[in-house]
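So the structure is just underneath, and the comments pick up after that.
The values are calculated or read from the model by the stated rules, or taken from the named source; none is laboratory data. Everything quoted here is computed from the prediction, not taken from an experiment. For neighbour counting, all protein chains shown are included, and Cβ atoms are generated from backbone atoms with ideal geometry for every residue, glycine included. Calculation scope for accessible area: heavy atoms of the full protein, side chains included, ligands and nucleic acids excluded. Shrake-Rupley method; radii C 1.70, N 1.55, O 1.52, S 1.80 Å.
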Amino acid sequence: FINKGVELQARSHPVKGLQLWATYSWLHTSLQNLTAAPEKQYYLGAGWDVFPGFHADLEMKGCRGLYVADDVDLQNYTTLGLRLSYQLARCLQLFANLDNITDASYTINRGYVMPGFTVMGGLKLSI
């Protein structure tokens, strides 16, 4: 079989406290049933130091043409995620992660549907 593709990546820090990033990949393969190898993937993100100690990341991930199995439709999906953190003390951080805000329904392995919108939060202790 033959695989050919292109990957692009860019990062920027346009102003103090703001980071932007993007990746894109395109894959052409001679196989029609190559698992774990989507035709197109992209990832866009922004990180912002809102004020001292408080940081936010917004991320969008997309996938097009992911083959899972013969009896599963090609998977095409976009997810959105938000990560918030606040440094309470030198060694203690409060965080919240919101994943799949779009509540996209997709499968990356046969028989295992990925979770919809989920929220996780907590404290991170660094010693």
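Computed values, structure above
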{"quantity": "Residue ID - farthest from LEU34 (Cα to Cα), chosen from residues in segment 55-81 that are assigned to a strand (DSSP E or B) and open to solvent by 50 Å² or more (accessible area, probe 1.4 Å)", "calculated": "LEU58"}
{"quantity": "Search result, residues across segment 4-30 that are in a strand (DSSP E or B) and open to solvent by 100 Å² or more (accessible area, probe 1.4 Å)", "calculated": "LYS4, GLU7, LEU8, GLN9, ARG11, HIS13"}
{"quantity": "Residue check for LEU94: open to solvent by 50 Å² or more (accessible area, probe 1.4 Å), out of contact with any Pro (no Cβ under 6 Å at 6 or more places or on another chain), modelled with pLDDT of 95 or more and assigned to a strand (DSSP E or B)", "calculated": "yes"}
{"quantity": "Sole residue being of a type in the set (A, V, I, L, M) and over 30 Å from GLY121 (Cα atoms), chosen from LEU92, LEU31, LEU18, LEU84", "calculated": "LEU31"}
{"quantity": "Residue check for LEU44: part of a strand (DSSP E or B) and within 22 Å of ASN100 (Cβ to Cβ)", "calculated": "yes"}
{"quantity": "Every pair of residues 6+ apart whose Cβ atoms lie under 8 Å, when the first sits in segment 12-35 and is closer than 30 Å to ASP70 by Cβ and among the β-branched types (Val, Ile, Thr) while the second is open to solvent by 50 Å² or more (accessible area, probe 1.4 Å) and not in a strand (DSSP E or B)", "calculated": "THR29/PHE1; THR29/ILE2"}
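To keep it simple, each residue is scored yes or no on (1) within 15 Å of the chain's Cα centre (by Cα); (2) at pLDDT 95 or above.
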position	(1), (2)
GLU59	yes, yes
ASP71	no, no
THR79	yes, yes
TYR86	no, yes
SER105	yes, yes
GLY111	no, no
MET114	yes, yes
PHE117	yes, yes
GLY121	no, yes
